[in-house]
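The values are calculated or read from the model by the stated rules, or taken from the named source; none is laboratory data. Computed from a predicted structure; not experimentally measured. Ideal geometry is used to build each Cβ from the backbone, glycine not excepted, and the neighbour counts take in all protein chains shown.
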Amino acid sequence: YAMGNSGLISLSAGQRMENVTITLGSGGGLEGHVYINGQLAPNALVVILGPGGTKTTNTDANGYYYFDGLTGGVYQLVASPVGSGNTGDTEDINMSGLFETKGVPVEVKEGQTTRFDFGKMGGVRIEGRCNPSPPIGGIALLRPPSGRPFAFGQVVNMDELVGSMSAMVNPLGGNFVFEDVPTGEWQLDIYYVQFGRGVRYVYSTVISVKGEEPVMNIDCMVRL
(Lines give C-alpha, C1' and ligand atoms only; values in the text may rest on other atoms or scores of the structure.)
Protein backbone atom coordinates (compact mmCIF):
# COMPACT_ATOMS: atom_id res chain seq x y z
CA TYR A 1 0.00 0.00 0.00
CA ALA A 2 1.07 3.58 -0.56
CA MET A 3 1.88 5.59 2.54
CA GLY A 4 0.46 8.94 3.52
CA ASN A 5 0.84 11.59 6.20
CA SER A 6 -1.09 14.44 7.74
CA GLY A 7 1.81 16.79 8.24
CA LEU A 8 2.97 17.97 11.66
CA ILE A 9 0.34 17.91 14.44
CA SER A 10 0.90 19.58 17.82
CA LEU A 11 -1.20 18.41 20.77
CA SER A 12 -1.27 19.52 24.38
CA ALA A 13 -2.06 17.21 27.28
CA GLY A 14 -5.74 16.28 27.21
CA GLN A 15 -6.35 18.02 23.88
CA ARG A 16 -8.43 16.31 21.19
CA MET A 17 -8.11 17.08 17.50
CA GLU A 18 -10.69 16.19 14.87
CA ASN A 19 -10.98 16.40 11.08
CA VAL A 20 -7.32 15.64 10.45
CA THR A 21 -6.60 15.35 6.72
CA ILE A 22 -4.26 12.59 5.58
CA THR A 23 -3.01 12.69 2.00
CA LEU A 24 -2.31 9.30 0.47
CA GLY A 25 0.14 8.93 -2.36
CA SER A 26 -0.44 6.67 -5.33
CA GLY A 27 2.78 4.78 -4.66
CA GLY A 28 5.55 3.93 -7.08
CA GLY A 29 6.04 1.24 -9.69
CA LEU A 30 8.79 -1.24 -10.51
CA GLU A 31 9.20 -3.01 -13.84
CA GLY A 32 11.77 -4.80 -15.95
CA HIS A 33 12.82 -8.05 -17.59
CA VAL A 34 14.57 -11.17 -16.32
CA TYR A 35 17.36 -12.67 -18.41
CA ILE A 36 18.82 -16.13 -17.77
CA ASN A 37 22.02 -16.91 -19.67
CA GLY A 38 21.31 -14.00 -21.99
CA GLN A 39 17.76 -15.15 -22.82
CA LEU A 40 14.47 -13.67 -21.64
CA ALA A 41 13.03 -15.89 -18.89
CA PRO A 42 9.25 -16.50 -18.92
CA ASN A 43 7.56 -17.49 -15.63
CA ALA A 44 10.60 -16.50 -13.55
CA LEU A 45 9.85 -15.71 -9.91
CA VAL A 46 10.55 -12.12 -8.80
CA VAL A 47 10.51 -11.27 -5.08
CA ILE A 48 10.85 -7.76 -3.62
CA LEU A 49 11.38 -6.95 0.07
CA GLY A 50 11.14 -3.42 1.41
CA PRO A 51 9.06 -0.80 3.23
CA GLY A 52 5.92 -2.04 1.50
CA GLY A 53 6.50 -5.58 2.77
CA THR A 54 7.27 -8.65 0.66
CA LYS A 55 5.63 -9.04 -2.74
CA THR A 56 6.05 -11.60 -5.49
CA THR A 57 5.12 -12.00 -9.12
CA ASN A 58 6.07 -14.09 -12.15
CA THR A 59 7.35 -12.81 -15.46
CA ASP A 60 5.08 -13.10 -18.48
CA ALA A 61 5.85 -14.96 -21.71
CA ASN A 62 8.31 -12.20 -22.66
CA GLY A 63 10.21 -12.24 -19.35
CA TYR A 64 8.55 -8.99 -18.19
CA TYR A 65 7.52 -8.24 -14.58
CA TYR A 66 5.67 -5.31 -13.00
CA PHE A 67 4.74 -4.12 -9.49
CA ASP A 68 2.61 -1.05 -8.74
CA GLY A 69 1.29 0.79 -5.68
CA LEU A 70 4.62 0.39 -3.85
CA THR A 71 5.54 2.48 -0.84
CA GLY A 72 8.51 4.69 -1.67
CA GLY A 73 11.88 3.47 -0.39
CA VAL A 74 14.65 0.97 -1.04
CA TYR A 75 13.67 -2.59 -1.99
CA GLN A 76 15.82 -5.71 -2.23
CA LEU A 77 15.06 -7.48 -5.51
CA VAL A 78 15.59 -11.20 -6.06
CA ALA A 79 14.87 -13.18 -9.22
CA SER A 80 14.83 -16.93 -9.73
CA PRO A 81 14.38 -19.12 -12.81
CA VAL A 82 11.90 -21.17 -10.77
CA GLY A 83 8.39 -19.77 -11.34
CA SER A 84 5.58 -20.57 -8.93
CA GLY A 85 2.54 -19.80 -11.03
CA ASN A 86 1.27 -17.73 -8.08
CA THR A 87 1.50 -14.00 -7.44
CA GLY A 88 0.97 -11.62 -4.55
CA ASP A 89 1.76 -13.57 -1.39
CA THR A 90 4.69 -15.77 -0.38
CA GLU A 91 2.58 -18.74 0.74
CA ASP A 92 2.81 -21.95 -1.31
CA ILE A 93 5.66 -20.62 -3.45
CA ASN A 94 8.44 -22.95 -4.57
CA MET A 95 11.46 -21.11 -3.14
CA SER A 96 14.08 -23.75 -3.99
CA GLY A 97 15.42 -21.82 -6.97
CA LEU A 98 16.20 -18.77 -4.83
CA PHE A 99 19.52 -20.31 -3.83
CA GLU A 100 20.86 -19.49 -7.30
CA THR A 101 19.68 -15.94 -7.71
CA LYS A 102 20.93 -12.42 -7.85
CA GLY A 103 19.47 -9.17 -6.69
CA VAL A 104 20.25 -5.57 -5.86
CA PRO A 105 18.84 -2.80 -3.70
CA VAL A 106 16.66 -0.54 -5.88
CA GLU A 107 15.01 2.71 -4.84
CA VAL A 108 11.33 3.21 -5.68
CA LYS A 109 10.04 6.79 -5.71
CA GLU A 110 6.50 8.02 -5.15
CA GLY A 111 4.64 8.62 -8.41
CA GLN A 112 7.40 7.13 -10.58
CA THR A 113 8.04 3.77 -12.22
CA THR A 114 11.57 2.48 -11.71
CA ARG A 115 13.05 0.05 -14.22
CA PHE A 116 15.47 -2.75 -13.36
CA ASP A 117 16.46 -5.67 -15.60
CA PHE A 118 17.88 -8.83 -14.06
CA GLY A 119 20.76 -10.35 -15.96
CA LYS A 120 20.83 -8.63 -19.33
CA MET A 121 23.19 -9.99 -21.94
CA GLY A 122 26.93 -10.28 -21.45
CA GLY A 123 29.09 -10.27 -18.34
CA VAL A 124 30.72 -13.12 -16.43
CA ARG A 125 29.09 -15.86 -14.38
CA ILE A 126 30.70 -16.26 -10.95
CA GLU A 127 30.26 -19.61 -9.22
CA GLY A 128 31.38 -19.65 -5.61
CA ARG A 129 31.50 -22.10 -2.74
CA CYS A 130 31.77 -21.34 0.97
CA ASN A 131 33.55 -23.72 3.32
CA PRO A 132 32.14 -24.50 5.80
CA SER A 133 28.64 -23.93 4.44
CA PRO A 134 26.16 -21.81 6.42
CA PRO A 135 23.84 -23.75 8.76
CA ILE A 136 20.71 -21.85 7.67
CA GLY A 137 21.82 -19.88 4.62
CA GLY A 138 23.82 -16.80 3.82
CA ILE A 139 24.18 -13.75 1.60
CA ALA A 140 27.01 -12.93 -0.83
CA LEU A 141 27.40 -9.30 -1.93
CA LEU A 142 29.45 -7.72 -4.71
CA ARG A 143 30.35 -4.03 -4.65
CA PRO A 144 33.18 -1.72 -5.72
CA PRO A 145 36.22 -2.19 -3.40
CA SER A 146 36.09 0.13 -0.39
CA GLY A 147 37.45 -1.85 2.55
CA ARG A 148 35.72 -4.12 5.03
CA PRO A 149 32.41 -2.65 6.22
CA PHE A 150 32.52 -4.53 9.56
CA ALA A 151 34.89 -6.56 11.72
CA PHE A 152 34.95 -10.29 10.99
CA GLY A 153 32.49 -12.08 13.24
CA GLN A 154 30.38 -8.96 13.81
CA VAL A 155 26.60 -9.52 13.73
CA VAL A 156 24.65 -6.80 11.91
CA ASN A 157 21.10 -6.18 10.71
CA MET A 158 20.09 -6.92 7.13
CA ASP A 159 19.32 -3.26 6.43
CA GLU A 160 22.97 -2.36 7.15
CA LEU A 161 24.27 -4.42 4.22
CA VAL A 162 25.52 -2.63 1.11
CA GLY A 163 26.09 -4.25 -2.27
CA SER A 164 25.62 -3.70 -5.99
CA MET A 165 24.71 -7.36 -6.61
CA SER A 166 23.66 -10.09 -4.20
CA ALA A 167 23.24 -13.86 -4.20
CA MET A 168 21.91 -16.35 -1.69
CA VAL A 169 24.39 -18.85 -0.20
CA ASN A 170 22.87 -22.33 -0.15
CA PRO A 171 23.13 -24.11 3.23
CA LEU A 172 23.41 -27.39 1.29
CA GLY A 173 26.95 -27.13 -0.01
CA GLY A 174 27.60 -23.41 0.47
CA ASN A 175 27.16 -22.60 -3.23
CA PHE A 176 26.27 -19.19 -4.65
CA VAL A 177 26.03 -17.79 -8.19
CA PHE A 178 26.27 -14.33 -9.73
CA GLU A 179 25.21 -13.87 -13.35
CA ASP A 180 26.37 -11.20 -15.82
CA VAL A 181 28.98 -9.55 -13.60
CA PRO A 182 30.68 -6.67 -15.45
CA THR A 183 34.46 -6.75 -15.83
CA GLY A 184 36.55 -4.86 -13.29
CA GLU A 185 37.51 -5.01 -9.62
CA TRP A 186 34.83 -6.20 -7.18
CA GLN A 187 34.75 -6.71 -3.44
CA LEU A 188 33.03 -9.92 -2.35
CA ASP A 189 31.52 -9.86 1.16
CA ILE A 190 29.76 -12.87 2.68
CA TYR A 191 27.38 -12.98 5.63
CA TYR A 192 25.87 -16.01 7.38
CA VAL A 193 22.32 -15.81 8.72
CA GLN A 194 22.04 -16.16 12.51
CA PHE A 195 19.04 -17.58 14.36
CA GLY A 196 17.01 -14.47 15.19
CA ARG A 197 20.12 -12.28 15.32
CA GLY A 198 20.66 -10.79 11.88
CA VAL A 199 23.71 -11.86 9.84
CA ARG A 200 27.36 -12.48 10.75
CA TYR A 201 30.21 -11.05 8.63
CA VAL A 202 32.41 -14.05 7.77
CA TYR A 203 34.40 -13.37 4.59
CA SER A 204 35.78 -10.63 2.34
CA THR A 205 38.07 -10.51 -0.67
CA VAL A 206 38.69 -8.43 -3.78
CA ILE A 207 38.36 -10.23 -7.12
CA SER A 208 39.32 -9.16 -10.62
CA VAL A 209 36.72 -10.01 -13.28
CA LYS A 210 38.50 -9.91 -16.64
CA GLY A 211 35.96 -11.51 -18.92
CA GLU A 212 38.51 -13.82 -20.53
CA GLU A 213 36.40 -16.83 -19.51
CA PRO A 214 32.57 -16.93 -19.31
CA VAL A 215 32.66 -18.62 -15.87
CA MET A 216 34.79 -17.68 -12.86
CA ASN A 217 35.12 -20.05 -9.87
CA ILE A 218 35.81 -18.87 -6.30
CA ASP A 219 36.44 -20.93 -3.15
CA CYS A 220 35.76 -19.02 0.07
CA MET A 221 37.20 -20.16 3.41
CA VAL A 222 34.91 -18.33 5.81
CA ARG A 223 35.65 -17.30 9.40
CA LEU A 224 33.07 -18.62 11.85
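Some notes on this structure:
- Residue within the stretch 186-195 that is at positive phi and surrounded by 15 or more Cβ atoms within 10 Å (Cβ to Cβ) present: no
- Scanning the stretch 207-221 for residues that are closer than 14 Å to residue 143 by Cα and surrounded by 12 or more Cβ atoms within 10 Å (Cβ to Cβ) yields 207, 209.
- Flag for residue 174 being assigned by TED's automatic domain parsing to the domain that holds residue 135, under 25 Å from residue 157 (Cβ atoms) and free of Cβ contacts under 8 Å to residues at least 40 places away in the same chain: no
- Test: residue 121 is part of a strand (DSSP E or B), among the hydrophobic types (A, V, I, L, M, F, W, C) and either modelled with pLDDT of 95 or more or within 24 Å of residue 80 (Cβ to Cβ) (or both): no
- Of the residues making up the stretch 159-188, those that are in contact with a Lys or Arg (Cβ under 9 Å, 6 or more places away or on another chain), at pLDDT below 90 and outside any strand (DSSP E or B) are 162, 163, 164, 183.
- Across the stretch 134-153, not a single residue is classified as over 19 Å from residue 77 (Cβ atoms), in contact (Cβ under 8 Å) with a residue 12 or more places away in the chain and assigned to a strand (DSSP E or B).
- Elements of type strands (runs of 3 or more DSSP E) in the stretch 1-90, at least 2 residues being outside the structural domain of residue 157 (by TED's automatic domain parsing), among the hydrophobic types (A, V, I, L, M, F, W, C) and modelled with pLDDT of 75 or more: 45-50, 64-70, 73-80
- When the stretch 189-224 is limited to residues that are of a type in the set (D, E, K, R) and assigned to a strand (DSSP E or B), the one that is farthest from residue 158 (Cα to Cα) turns out to be 219.
- Flag if residue 131 is over 29 Å from residue 31 (Cβ atoms) and within 18 Å of the chain's Cα centre (by Cα): no
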